[in-house]
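Encoded as structure tokens, the structure appears first; notes follow it.
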Amino acid sequence: MTDPGVPDVIAGDDGLLRCPWALAWPSYPDYLTYHDQEWGRPVHGDQALYERLSLEAFQSGLAWVTVLRKREAFRRAFAGFDPTVVAAYDEQDVARLLGDPGIIRNRAKIEAVVRNARAVLDLDGGLDELLWSFAPSRPTPAPRTFAELTAVTPESTAMAKELRRRGFRFVGPTTAYALMQATGMVDDHLRDCFCRAALDV
């Protein structure tokens with residue numbers, strides 16, 4: 001979620017100050033709900049993080065709202081993102097998913113999600129432990145505007161490199177940083193966003 005041309009926080013109809021992308025049309029109110037209830041909040045658990053990793057892979061090259069609006073269909077298609085189930089998917093399952101109009105029908109991304117499920121099962125310490133090991137040890141200063149944000153960090157670059165080494169696909173540094181933002185490994189809510197204050201409590 002970066003856009004150097006976007007200004008500081010803006011107020012919603014409820015008077016609360018938010019990161020401006022949360023109120024972007026025509027994606028509002030999908031972004032509003034996601035911003036207020038999920039983005040930047042810590043996520044733990046292998047299955048929950050595998051889901052987020054998978055959704056970020058599907059988002060690559062597309063608007064995030066496209067993924068948000070298909071999220072429930074993705075969950076049905078990928079057995080609630082249970083890596084044990086998805087790891088057993090075969091070519092027939094891939095063909096079934098390519099025929100599912102509810103999801104993003106991209107063969108490379110579908111096959112990557114299946115491959116990534118197998119990679120999750122191969123991890124000794126689990127996906128949660130691996131991903132969170134790349135979270136910065138100290139909080140970064142709260143950004144005032146989106147111009148202060150970046151799409152890639154040394155931590156996300158290192159995460160992507162390690163994930164690829166372990167057999168994961170569609171996990172470049174930009175996707176890795178988007179995952180870190182979305183799952184609370186970093187807090188990129190703008191300084192005056194009401195969510196920032198809520199998360200700092």
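Within the range 67-83, which residues are over 13 Å from the mean Cα position of the chain (by Cα) and assigned to a helix (DSSP H, G or I)?
Arg69, Glu72, Ala73, Phe74, Arg75, Arg76, Ala77, Ala79, Gly80, Phe81, Pro83
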Positions within the range 90-102 being touching an Asp or Glu at 6+ places or on another chain (Cβ under 9 Å) and not in a helix (DSSP H, G or I), in sequence order
Gly102
Quick check: anything in the range 84-106 over 17 Å from the mean Cα position of the chain (by Cα), in contact (Cβ under 8 Å) with a residue 40 or more places away in the chain and crowded, with 16+ Cβ neighbours inside 10 Å?
yes
Could you tell me whether the range 103-116 includes any residue that is in contact with a His (Cβ under 9 Å, 6 or more places away or on another chain), of a type in the set (A, V, I, L, M) and part of a loop (DSSP other than H, G, I, E, B)?
no
Which members of the range 11-63 meet the condition of being small (Gly, Ala, Ser), modelled with pLDDT of 90 or more, part of a loop (DSSP other than H, G, I, E, B) and surrounded by 15 or more Cβ atoms within 10 Å (Cβ to Cβ)?
Gly40
How many residues does the range 133-148 hold that are over 19 Å from Leu49 (Cβ atoms), loosely packed, with under 15 Cβ neighbours inside 10 Å and not charged (D, E, K, R)?
5
Any residue in the range 105-128 that is out of contact with any Leu (no Cβ under 9 Å at 6 or more places or on another chain), of a type in the set (Lys, Arg) and under 25 Å from Ala22 (Cβ atoms)?
no
Considering each residue of the range 116-147, count those that are over 25 Å from Asp188 (Cβ atoms) and among the aliphatic types (A, V, I, L, M), and give that number.
5
How many residues are in a helix (DSSP H, G or I), aromatic (Phe, Trp, Tyr) and under 19 Å from Leu55 (Cβ atoms) if we restrict to the range 149-195?
1
Between Leu23, Leu97, which is over 17 Å from Leu179 (Cα atoms) and touching a His at 6+ places or on another chain (Cβ under 9 Å)?
Leu23
If the requirement is being surrounded by 13 or more Cβ atoms within 10 Å (Cβ to Cβ), of a type outside the set (Lys, Arg) and more than 16 Å from Gly40 (Cα to Cα), which of these qualifies: Ala160, Ala151, Ala176?
Ala160
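The values are calculated or read from the model by the stated rules, or taken from the named source; none is laboratory data. Predicted model only: the values in this text are computed from it and were never measured. Glycine gets a Cβ as well: all are built from the backbone with ideal geometry, and neighbour counts include every protein chain shown.
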